[in-house]
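Peer 1: Dropping a structure here in structure tokens format, bear with me for questions.
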Amino acid sequence: SLPPSSLDGIACPSTTACYVLASLISAPAGGAMGVMLHTTDGGASWTQENLPAGGLDQLSGVACSSTTRCEATGYTASTSTPVVIGTTDGGATWTEQSLPAGLSAIGPITCAGPMACEAEVWIGSFLSQTPYTLGTVDGGTTWTQQALPTDVTAVSDLATAGSTFVAVGMGSGTTGGVVLTDPLPAPTTTVGLPAAGSTLTGGVWLDASAASPDGVAGVHYVLSGGSLAAPETSATATPTSVGWLAGWASYDVPNGTYTVESVVDDLDGAVGTSAPVSVTVSNHSLGATVLRPATGAVVSGPSVVLDASATGRSTVTGVTFSLSGGSLAAPETIATATLTVDGWIALWDATSTAPGSYTLTATATDANGHTATSAGITVTVGSAPVAT
């Protein structure tokens, strides 16, 4: 290919990848054609990008928000109409994007994030053009022209400062040089699950939508109200095909009415908070009940069957039986139960306990380490029968 007659712009999304705008003198006509050169090896080799319609008549600017996503401005080769082209695959393909009608000229472009870019454009005839900026916050799907202050006659360059676009230009009359700023829209998020007014029990799913022109860095959920002294983060979400999803154990908080909010952080550090969603947490309290032996029973021997039921706001992970009174100086654990279809069952060797009247209790432990002890029942330990 012919060597470029001039290099007109550059964007480098990484230390080894760069895009360069160039003009080629096309023989035999001798006119200039805009092309884009691309390197992925730090400039050791350059390839010419395959642009729409075989190339552009002129390229005005290029900007990249990542190694795969770039936007470039220029003019179509056939009609010299202002155009924006974009790639989302590192330059393998470039696609022309839809712009508002009536643009007469287009200039440099800058990108503040993976979805937000702004370009310099003009509208009007050659001798009476009005400057505008052209912005997108959805990755180039839609572009919207934005009017500048009436005393601005031209914009000469664009840049980004965090989540704010910055432009420099000229003003009319005594205004002189101007610096313009245009902050990006704040990130937004909306709670999808749970629905407002829901009653929550056990483990539940939290889901939210989130968007930011700068790109979403993460979403977490904040719980407030009920018995909480201050709002607290209840879960951190994971991006999925159905939104930002997180599991939350509602039994981690006491029963009551709470407010759930989703909070989005974008890649530039901006934060957005959803509208609050009111929910009611209603879980069974942790508790245990001795089922066997019956209160007042007389027990004896090496294999006394103990049985208890246990329920909790979270999973019950264990039950122990304790004895107090009688000849005991202090309560002591006499058996650890196993969960069966008939409840939490254990065998107790009553021969190791002196005869007398005692109080038997069951203590349940849940997955969060909480414990609850049943009401005590009275049992009498009798003497074991003597074998003859």
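The values are calculated or read from the model by the stated rules, or taken from the named source; none is laboratory data. Every value quoted in this text rests on a predicted model; they were computed, and no experiment measured them. All Cβ positions, even for glycine, are placed from backbone atoms using ideal geometry, and neighbour counts span all protein chains on display. Heads up: the accessible areas ignore ligands, DNA and RNA and are worked out on the full protein's heavy atoms, side chains in. Shrake-Rupley method; radii C 1.70, N 1.55, O 1.52, S 1.80 Å.
Peer 1: Of the numbered conditions (1) touching a helix residue (DSSP H, G or I) at 6+ places or on another chain (Cβ under 8 Å); (2) assigned to a strand (DSSP E or B), VAL62 satisfies every one except a single condition; which is it?
Peer 2: VAL62 satisfies every listed condition except (1).
Peer 1: Inside segment 294-388, counting only strands (runs of 3 or more DSSP E) that do not spill past its ends, which hold 3 or more residues that are of a type outside the set (A, V, I, L, M, F, W, C) and touching a residue at least 60 places away in the same chain (Cβ under 8 Å)?
Peer 2: Strands (runs of 3 or more DSSP E) meeting the threshold: 356-366.
Peer 1: Now for a separate question. Under the condition of being of a type in the set (Val, Ile, Thr) and within 25 Å of SER163 (Cβ to Cβ), which residue from segment 259-289 is surrounded by the most Cβ atoms within 10 Å (Cβ to Cβ)?
Peer 2: For segment 259-289, the residue satisfying everything is VAL264.
Peer 1: Within segment 99-107, is there a residue that is touching a Pro at 6+ places or on another chain (Cβ under 8 Å), assigned to a loop (DSSP other than H, G, I, E, B) and surrounded by fewer than 21 Cβ atoms within 10 Å (Cβ to Cβ)?
Peer 2: No.
Peer 1: What number of residues in segment 12-35 are open to solvent by less than 10 Å² (accessible area, probe 1.4 Å), among the hydrophobic types (A, V, I, L, M, F, W, C) and at pLDDT below 90?
Peer 2: Number satisfying all stated conditions: 2.
Peer 1: Could I ask something else about it? Specify the residue that is farthest from the chain's Cα centre (by Cα); the eligible residues are those in segment 253-264 that are part of a strand (DSSP E or B) and more than 17 Å from ASP207 (Cβ to Cβ).
Peer 2: The residue in question is GLY256.
Peer 1: Shifting gears a bit: Kindly indicate whether GLY90 is in a loop (DSSP other than H, G, I, E, B) and in contact with a strand residue (DSSP E or B) (Cβ under 7 Å, 6 or more places away or on another chain).
Peer 2: Considered against the rule, which asks whether it is in a loop (DSSP other than H, G, I, E, B) and in contact with a strand residue (DSSP E or B) (Cβ under 7 Å, 6 or more places away or on another chain), GLY90 comes out as no.
Peer 1: Would you check which residues across segment 116-137 are aliphatic (A, V, I, L, M) and either more than 21 Å from SER66 (Cα to Cα) or in contact with an Asp or Glu (Cβ under 6 Å, 6 or more places away or on another chain) (or both) and list them?
Peer 2: VAL121, ILE123, LEU127
Peer 1: May I ask you to say which residue of ASP252, ASP214, ASP182 is at pLDDT below 90, open to solvent by 20 Å² or more (accessible area, probe 1.4 Å) and within 25 Å of GLU118 (Cα to Cα)?
Peer 2: Going through ASP252, ASP214, ASP182 in turn, the sole match is ASP182.
Peer 1: On the given criteria, is THR338 over 30 Å from THR190 (Cα atoms), of a type in the set (Val, Ile, Thr) and open to solvent by 30 Å² or more (accessible area, probe 1.4 Å)?
Peer 2: It is true that THR338 is over 30 Å from THR190 (Cα atoms), of a type in the set (Val, Ile, Thr) and open to solvent by 30 Å² or more (accessible area, probe 1.4 Å).
Peer 1: Being buried (at least 22 other Cβ atoms within 10 Å of the Cβ) and closer than 16 Å to LEU56 by Cβ is the filter here, so list the residues in segment 108-121 that pass it.
Peer 2: Of everything in segment 108-121, those that are buried (at least 22 other Cβ atoms within 10 Å of the Cβ) and closer than 16 Å to LEU56 by Cβ turn out to be ILE109, ALA119, VAL121.
Peer 1: Between SER241, SER163, SER227, which is among the polar types (S, T, N, Q) and open to solvent by less than 60 Å² (accessible area, probe 1.4 Å)?
Peer 2: Matching residue, one of SER241, SER163, SER227: SER163.
Peer 1: From SER45, SER65, SER98, SER60, which residue is free of Cβ contacts under 8 Å to residues at least 40 places away in the same chain and of a type in the set (Ser, Thr, Tyr)?
Peer 2: The unique qualifying residue is SER45.
Peer 1: Pairs under 7 Å by beta carbon, first residue under 25 Å from HIS284 (Cα atoms) in segment 231-256, partner open to solvent by 50 Å² or more (accessible area, probe 1.4 Å) and basic (Lys, Arg), six or more apart or different chains?
Peer 2: Pairs found: TYR251/ARG313.
Peer 1: For segment 65-87, name all the residues that are of a type outside the set (Gly, Ala, Ser), closer than 20 Å to VAL121 by Cα and not in a loop (DSSP other than H, G, I, E, B).
Peer 2: CYS70, GLU71, THR73, TYR75, THR76, PRO82, VAL83, VAL84, ILE85
Peer 1: Can you run down the residue pairs with Cβ atoms below 7 Å, 6 or more apart or on separate chains, where the first is in segment 203-219 and under 19 Å from ASP138 (Cβ atoms) and the partner is charged (D, E, K, R)?
Peer 2: Correct list of pairs: SER212/ASP266; ASP214/ASP266; ASP214/ASP268; GLY215/ASP266; VAL216/ASP266; ALA217/ASP265; ALA217/ASP266.
Peer 1: Among the strands (runs of 3 or more DSSP E) contained in segment 129-197, which hold 3 or more residues that are touching a residue at least 60 places away in the same chain (Cβ under 8 Å) and closer than 28 Å to ALA211 by Cβ?
Peer 2: 188-193
Peer 1: Identify the residue in segment 217-233 that is over 30 Å from ALA112 (Cβ atoms) and among the polar types (S, T, N, Q) and, among all such residues, is modelled with the highest pLDDT.
Peer 2: The selected residue is SER224.
Peer 1: Could you count how many residues in segment 364-388 are surrounded by fewer than 18 Cβ atoms within 10 Å (Cβ to Cβ), touching a strand residue (DSSP E or B) at 6+ places or on another chain (Cβ under 7 Å) and of a type outside the set (Gly, Ala, Ser)?
Peer 2: Final tally of qualifying residues: 4.
Peer 1: Which residue, of THR153, THR189, THR130, is at pLDDT 90 or above and in contact with a Gly (Cβ under 7 Å, 6 or more places away or on another chain)?
Peer 2: When all the criteria are applied, what remains is THR189.
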